[in-house]
Amino acid sequence: MSNINTDTATFGAGCFWCVEAVFQQLEGVLKVTSGYSGGHVKNPTYEQVCEKNTGHVEVTQIVYDPAKISYDELLEVFWKTHDPTTPNQQGNDVGPQYRSAVFYHNEEQKRLAEGYKEQLDKAGAWSNPIVTTVEPLKNFYEAENYHQDYYNNNPNQMYCRYVIQPKLEKFQKVFKDKLKKTVQ
């Protein structure tokens, strides 16, 4: 991995278990880490974030090889795998920690994310307006170890079977040309 040039993207799109499971399957994605961004408490715990007063969003930080997958392609997956029109909610997961957010690492990422959001809004991609925020990455705190690689480590857990698995099946059909060979 040391000879590969990498870049990093950080997205909040609901429960980080779901988002992590999706992005792990993309060709060119080298590492996906679940964590917390956007809040005002240093080194928050999952319990603190769930109390809904730290300001943090559950996010995934994605390290990728831009020679194999572009930030634009990651944005496409981000926009198409969650509902960016529901404030503080994805499905049955409700609270400010589940809000839709792009945390950009540089001005190019900001420009691309804002441009994509504007195009989708103009095109009327959803019947409701997009509420996704595009904001600078100010902090990232890695979630506790048991949250990492959650779906792969707990495939028979009820949330994984009834929420993540159907989402992955839909994702795999839509993005079959972008999946790692081991997934296909």
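Laboratory data are not the source of any read-out in this text; all were calculated from the coordinates shown. As the structure is a computational prediction, the values presented were derived from the model and not from experiment. Note that we place each Cβ from the backbone using ideal geometry, even for glycine, and neighbour counts take in every protein chain shown.
Yes/no matrix, rows are residues, columns are (1) closer than 25 Å to Y116 by Cβ; (2) out of contact with any helix residue (DSSP H, G or I) (no Cβ under 9 Å at 6 or more places or on another chain); (3) part of a loop (DSSP other than H, G, I, E, B); (4) without any contact (Cβ under 8 Å) to a residue 12 or more places away in the chain:
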| position | (1), (2), (3), (4) |
| --- | --- |
| G35 | yes, no, no, no |
| H40 | no, yes, yes, no |
| V49 | no, no, no, no |
| T54 | no, no, yes, no |
| V59 | yes, no, no, no |
| I62 | yes, no, no, no |
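Selection of the stretch 1-37 for residues being within 14 Å of N152 (Cβ to Cβ) and among the charged types (D, E, K, R) yields E20, K31. For the stretch 21-73, filtered to residues that are among the hydroxyl-bearing types (S, T, Y) and under 14 Å from the mean Cα position of the chain (by Cα), the residue that is surrounded by the fewest Cβ atoms within 10 Å (Cβ to Cβ) is T33. Set side by side, the residues F171, F140, F175 differ, and just one is farther than 18 Å from V77 by Cβ and under 16 Å from the mean Cα position of the chain (by Cα), which is F140.
Could you look through the stretch 7-20, keep only residues that are hydrophobic (A, V, I, L, M, F, W, C) and not in a loop (DSSP other than H, G, I, E, B), and pick out the one that is surrounded by the fewest Cβ atoms within 10 Å (Cβ to Cβ)?
Ranking the candidates gives W17 first.
Every condition in (1) in contact with a helix residue (DSSP H, G or I) (Cβ under 8 Å, 6 or more places away or on another chain); (2) without any contact (Cβ under 8 Å) to a residue 60 or more places away in the chain holds for K110 except the one numbered (1).
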